[in-house]
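These notes are about the structure you will find just below.
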Amino acid sequence: MAFTPWSYRKGSTLLHRLPAGLKLAFLLALSLAAFFPGSEFRSIAVLSIIGLILILLSFAARIGPLALLRGSGPLVLVVLVFFLVQGIEFAPLGFNLAGLGESLIFCLRICAAFAAGSLFFAVTTTGELKKSLAALETALHLQKLKLGLSVSLMLGYLKRFFELWEDLNRAWKSRGGTKNLSRLLTLLPLVIETMMIHAADTAKAMEARGADL
């Protein structure tokens with residue numbers, strides 16, 4: 001069954017029960033490892049290991065590896081278009097294939113980081129994350145910095161982005177829209193505008209409650 005990218009999947013697996021802070025640290029470690037610099041051979045080897053880890057963990061969470069990449073298509077498309085445009089040469093007219101391998105590896109890095117984030121949010125609620133970070137703040141006597149609230153809000157906005165994208169995408173399909181570049185150019189500005197309005201409303205609500213970030 002398809003589900004909204006980066007949305008929580010209710011369950012009682014070991015991954016669901018692990019502390020949110022530990023899962024966040026693991027997510028950051030995988031994401032950093034995916035973008036670790038090195039030769040093409042080393043990058044492919046590292047990405048292969050990360051991919052295998054994510055596949056095993058996705059089955060452990062009873063989600064499945066393909067579900068972790070749901071919603072990543074537009075992001076990968078934007079990256080590919082950017083690198084393809086960079087490869088165009090005008091004098092003489094042609095296309096430079098020198099950076100094609102690097103571009104494909106970068107897309108794989110994006111996919112790995114995206115899948116890691118999707119897995120994290122599939123087994124972790126925003127409330128669990130906020131509670132775990134708040135406990136860490138207390139242990140380190142960093143309550144005044146309110147890092148837990150800031151990080152949980154930031155990650156919550158990432159989830160909100162994909163929720164909005166899925167809603168607008170369903171509306172697009174219901175009106176006969178197809179999956180093409182026009183969809184991306186039409187829906188992406190709407191998502192960004194809605195996110196900005198949502199951020200402003202959240203800031204006003206927090207200010208009214210006396211929050212000071």
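Any read-out appearing in this document is the output of simple, stated calculations on the displayed coordinates, not a laboratory observation. Note that the structure is a prediction, hence the values are computed from the model and not measured. FYI the Cβ positions are ideal-geometry reconstructions off the backbone, even for glycines, and counts take in every protein chain you see.
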* Asked: ³J(HN,Hα) across the range 30-41 via Karplus (A = 6.51, B = -1.76, C = 1.60, θ = phi - 60°), whole Hz, x for Gly/Pro?
  -> 5, 5, 5, 5, 5, 9, 5, x, x, 5, 4, 4
* **Computed FRET value (nearest 0.05) for Leu77 with Leu140, which takes r as the C-beta separation and R₀ as 45 Å** => 0.65
* Exposure proxy order (Cβ contacts within 10 Å, fewest to most) of Leu68, Leu57, Leu104 -> Leu104, Leu57, Leu68
* Asked: Can you give me the relative contact order of the range 1-124 as a percent, contacts being Cα pairs under 8 Å and 6 or more apart?
  -> 47 percent
* Asked: Which Rg and Dmax, in Å, describe the Cα atoms of the range 1-124?
  -> 16.8, 60
* Structure fact -> The answer for the net charge of residues other than Ala20 whose Cβ lies under 12 angstrom from its Cβ, with Lys and Arg +1 and Asp and Glu -1, is +3
* To do: Hey, for a label at Thr126 modelled as a point 7 Å past Cα toward Cβ, could you say which residues of the range 164-203 have their backbone N under 19 Å away?
  => 164-168, 191-203
